[in-house]
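The values are calculated or read from the model by the stated rules, or taken from the named source; none is laboratory data. No experiment lies behind these values; they were computed from the predicted model shown. Cβ atoms come from the backbone with ideal geometry, glycine included; neighbour counts cover every protein chain shown. Remember, those area values only see protein heavy atoms, side chains included, never the ligands or the DNA or RNA. Shrake-Rupley method; radii C 1.70, N 1.55, O 1.52, S 1.80 Å.
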Amino acid sequence: TNTGKPAIFFNLQELAIDDEVIVITTDGLRYVYAVHNIQSHPLENFPSNIVYGSVEGALLKLITCDGYWQTNTQSYSDRLVVSTHLTRIEKPI
């Protein structure tokens, strides 16, 4: 963050293929996604069409800063993109 504290996706780079990402809704449903791709892309050549384009199925993409800090642009050099696909939905007990 701009205060120097780690932001929500600080440890995103620690995910590995087949790790689970779980999203819990306010009504208690658990959407379980499996990681199937992890890539770092240079910000100057960021593949917006691949990352934000149309896809089939239920996918979740997590994106965060990566690379090194560039003082001239006040931004990181790269973006880390973790792609996942929905494996199951668990209902609350």
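Scan the range 27-51 for residues that are open to solvent by 90 Å² or more (accessible area, probe 1.4 Å), free of Cβ contacts under 8 Å to residues at least 40 places away in the same chain and over 22 Å from ILE17 (Cβ atoms) and the total you get is 3. Within the range 44-93, the set of residues being under 17 Å from the mean Cα position of the chain (by Cα), at pLDDT 90 or above and of a type in the set (A, V, I, L, M) comprises ALA58, LEU59, LEU60, LEU62, ILE63, LEU80, VAL81, VAL82, LEU86.
Within the range 24-60, the only residue that satisfies the criterion of being touching a Phe, Trp or Tyr at 6+ places or on another chain (Cβ under 8 Å) and closer than 14 Å to PHE9 by Cβ is LEU60.
For ASN72, the conditions (1) assigned to a loop (DSSP other than H, G, I, E, B); (2) open to solvent by less than 40 Å² (accessible area, probe 1.4 Å); (3) over 29 Å from ILE93 (Cβ atoms); (4) of a type outside the set (Asp, Glu) are fulfilled apart from (2). Residues that are of a type in the set (A, V, I, L, M, F, W, C), assigned to a helix (DSSP H, G or I) and closer than 26 Å to ILE89 by Cα within the range 1-57 comprise LEU12, ILE50, VAL51, listed in sequence order.
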